[in-house]
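The values are calculated or read from the model by the stated rules, or taken from the named source; none is laboratory data. Just so you know, these numbers come straight off a predicted model, no measurement behind them. Cβ: placed from backbone, ideal geometry, glycine included. Neighbour counts: every protein chain shown.
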Amino acid sequence: MTSYAVDSKRQAMRATGIVDEVKEWEERDGKRRPSEIQARDEDTGMPLWSVEVIYKQTSWGRESSVTGRVIVGMPQRPVLEEYARVEFVDLRAEVRVNQAGGLVESWSADRVADAKSATASTPAAGKAA
């Protein structure tokens with residue numbers, strides 16, 4: 001599949017604050033489904049995270065807001081402020097045609113630029129804030 005480099009500074013994206021583990025897929029009983037195991041980047045071995053973002057898109061001369069997910073490899077869960085602008089290192093987009101004939105975008109990046117980790121910014125469990 002063809003991948004295109006995207007300038008993260010020019011493609012403005014805002015974090016929704018939602019970050020999830022990317023799960024490995026497994027096949028059981030002839031069906032594919034996500035497992036309980038977090039997927040890792042094949043090249044770096046880093047755990048993969050799905051960062052939900054919102055951005056503006058123009059299609060057929062009409063602007064609209066789109067929610068998407070950028071897959072990043074980072075040692076810890078990135079913590080992003082809700083609706084704050086977010087930039088990525090080596091942001092890439094892949095576009096393909098789905099079975100219904102529509103276009104589907106897939107986003108990935110090496111990492112989030114200037115992200116905090118969950119362990120560094122989360123209060124200790126059981127302590128009052």
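Some observations on this one:
- Qualifying positions in region 22-63 - in a strand (DSSP E or B) and exposed (fewer than 12 other Cβ atoms within 10 Å of the Cβ): 25, 27, 28, 31, 32, 33, 36, 37, 58, 59, 62, 63
- Any chance residue 66 is modelled with pLDDT of 95 or more, surrounded by 10 or more Cβ atoms within 10 Å (Cβ to Cβ) and touching a Phe, Trp or Tyr at 6+ places or on another chain (Cβ under 9 Å): no
- Odd one out for residue 20, checked against (1) closer than 26 Å to residue 5 by Cβ; (2) at pLDDT 95 or above; (3) in contact with an Asp or Glu (Cβ under 6 Å, 6 or more places away or on another chain): (3)
- Just so you know, in region 91-112 the residues that are surrounded by fewer than 13 Cβ atoms within 10 Å (Cβ to Cβ) and either among the small types (Gly, Ala, Ser) or farther than 16 Å from residue 55 by Cβ (or both) include one that is nearest to the chain's Cα centre (by Cα), and it is 96.
- Residue 116 fulfils the conditions (1) at pLDDT 90 or above; (2) surrounded by 13 or more Cβ atoms within 10 Å (Cβ to Cβ); (3) of a type in the set (D, E, K, R) except for a single criterion, (1).
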